[in-house]
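Okay, structure first, notes after.
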Amino acid sequence: MEKKHLIYNPEMECIDREKLKAIQGQRLRETVKLTYENVPLFRKRMDEKGVKPEDIKSVDDIVLLPFTEKTDLRDEFPFGLLAAPKSEIVRIQGSSGTTGKPIVSGYTENDVEVWTEMVARSLAGAGCGKDDIVQVCYGYGLFTGGLGAHQGATRLGAMVIPMSSGNTQRQIMMMKELGSTILCCTPSYATYLGETIRDMGLDPKKDLKLKAGVFGAEPWTEEMRKRIEELLDIDACDIYGLTEIAGPGVAFECLEKKGMHVNEDHVIPEIIDPVTEKQLPYETPGELVFTTITKTGMPMIRYRTHDICTLYVDKCECGRTLVRMGRITGRTDDMIVIRGVNVFPSQIESVLVKTNGVAPHYVLVVDRVNSTDTLEVKVELTEDMFSDTVAHIEEVKNYIAGEIKSVVGVQAKISLVPPKSLPRSEGKAKRVIDNRKL
Ligand code: ADP
Ligand code: ZN
């Protein structure tokens, strides 16, 4: 069946790429000038490199600019990187602190507007319009998920249910009674909601009106997408963002589900080699770097996300010309090195989601015993499997160990735990416990 694509701002989302480049160049020059004049750290870095704002003539000159790191946001906490006077800041949002100390970002009225438009585009990408009922179960607060989705849905004229996270029974009751059509939450919570809905004996086809979900804030896999789509009978679209750049909506998937369109008229994405820091061409995996080109509160120049992915520029059937970023396959700070082998939770997840008898609720526990790294994969059995024979359970265990060995190249201890025994997260799932650092 032909997919119906809703596009919020076709003029920008389907722009000719040469025209886009010219707009990016102009906006980049303005952002560099603004940041150079107002942010001492950036001016110092530029001076050290011997680069002046006038040296930036087109978007290709972006490679001349210094990088910004998360540590810079911590060192300059809370207001050191503002390019606008504090009186112009109308909002503070903060990182959920997945990795270490929290950081905050200041938004001017313009920045809230830019962010809202990016989320509106994202929700429209999943088919959301004025007639939709959007249930937001991302947390509201400093975390950008809740307010971000809320603002974007409001911009589209949709009806918003600002549930925030938690209280699964109540979420499901509201979903059913109000007839929510669009669900916004993390993919791990969507899985949990889906399983609970099934456990309650509800049939999403008959009892619910959901048609699509916009899921992000944490890495997930294609296998996880299939599972969520089956559990909830919806189209599950990916959305990406980070507090430092704006929040969710920096990039989003259309219903083609072939990677997330980056809102390139607001941010310039680059992929770099994380070691040499050299820019890499499209279709080469590497670390994602963003430069904001419309923000005025806390512009970010070449911000290193430490997220690993690939950019694609080939045509998308939806008509958008914006480049697409593939799934985040890992976060350099999430990567665990086990006996010299790089392991990403997403690799293990792809094995678990494909295995019959286990649910994709898992934790990786890393330790060091007699100077050797050990990896334990704790994963929940399904209810059916839990009451199965010991021999059969043993078989599942061996199967998982074998698959992990062949996909990741590491021997892991598999611990099959009872259904629903691992902690559930209403926000981002915590997948790795590394006891070596303690
Ligand atoms: P943090 O998680 O660092 O505390 P944020 O709440 O700002 O801070 O989250 C941003 C990070 O979340 C991104 O850098 C990325 O690692 C992760 N993330 C967000 N959306 C996605 C997504 N769709 N897929 C994978 N990872 C994502
Ligand atoms: Zn598309």
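The values are calculated or read from the model by the stated rules, or taken from the named source; none is laboratory data. No experiment lies behind these values; they were computed from the predicted model shown. Heads up, the Cβs are rebuilt from the backbone with ideal geometry, glycines too, and the neighbour counts pull from every protein chain shown. Accessible surface areas use protein heavy atoms only, side chains included; no ligands, DNA or RNA. Shrake-Rupley method; radii C 1.70, N 1.55, O 1.52, S 1.80 Å.
See the values below:
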quantity	calculated
Residues (among the charged types (D, E, K, R) and either assigned by TED's automatic domain parsing to the domain that holds Ser188 or part of a loop (DSSP other than H, G, I, E, B) (or both)) located in region 354-389	Asp388
Test for Val408: is it closer than 30 Å to Leu183 by Cα, β-branched (Val, Ile, Thr), open to solvent by less than 60 Å² (accessible area, probe 1.4 Å) and in contact (Cβ under 8 Å) with a residue 40 or more places away in the chain	no
When residues of region 324-346 are limited to those that are modelled with pLDDT of 90 or more and closer than 13 Å to Glu222 by Cβ, the one nearest to ligand 2 (Cβ to nearest atom)	Gly326
Unique match (being of a type in the set (Asp, Glu), within 27 Å of Lys258 (Cβ to Cβ), at pLDDT 95 or above and open to solvent by 50 Å² or more (accessible area, probe 1.4 Å)) among Glu283, Glu287	Glu283
Test set (1) touching a helix residue (DSSP H, G or I) at 6+ places or on another chain (Cβ under 6 Å); (2) open to solvent by 10 Å² or more (accessible area, probe 1.4 Å) - Val136 fails condition number	(2)
Subset of region 329-347 (residues that are part of a strand (DSSP E or B) and within 13 Å of ligand 1 (Cβ to nearest atom))	Gly330, Arg331
Positions within region 411-438 being assigned to a helix (DSSP H, G or I), open to solvent by less than 60 Å² (accessible area, probe 1.4 Å) and modelled with pLDDT under 90, in sequence order	Arg436
Residues of region 296-326 classified as over 18 Å from the mean Cα position of the chain (by Cα), open to solvent by 20 Å² or more (accessible area, probe 1.4 Å) and of a type outside the set (S, T, N, Q), total	5
Test result for Gly427, assigned by TED's automatic domain parsing to the domain that holds Gly259 and either under 23 Å from Ala217 (Cβ atoms) or among the hydroxyl-bearing types (Ser, Thr, Tyr) (or both)	no
Meets criteria (under 21 Å from Ile328 (Cα atoms) and more than 12 Å from the chain's Cα centre (by Cα)) for Glu277	yes
Test: residue in region 265-273 that is in contact with a Phe, Trp or Tyr (Cβ under 7 Å, 6 or more places away or on another chain) and free of Cβ contacts under 8 Å to residues at least 40 places away in the same chain	yes
Selection status of Leu288, more than 16 Å from ligand 2 (Cβ to nearest atom), closer than 26 Å to Gln93 by Cβ and touching a strand residue (DSSP E or B) at 6+ places or on another chain (Cβ under 7 Å)	yes
Residue tally, condition closer than 18 Å to Lys295 by Cβ and either open to solvent by 60 Å² or more (accessible area, probe 1.4 Å) or in contact with a Lys or Arg (Cβ under 9 Å, 6 or more places away or on another chain) (or both), over region 78-98	9
The one condition in (1) more than 14 Å from ligand 1 (Cβ to nearest atom); (2) over 29 Å from Pro423 (Cβ atoms); (3) assigned to a helix (DSSP H, G or I) that Gly129 fails to fulfil	(3)
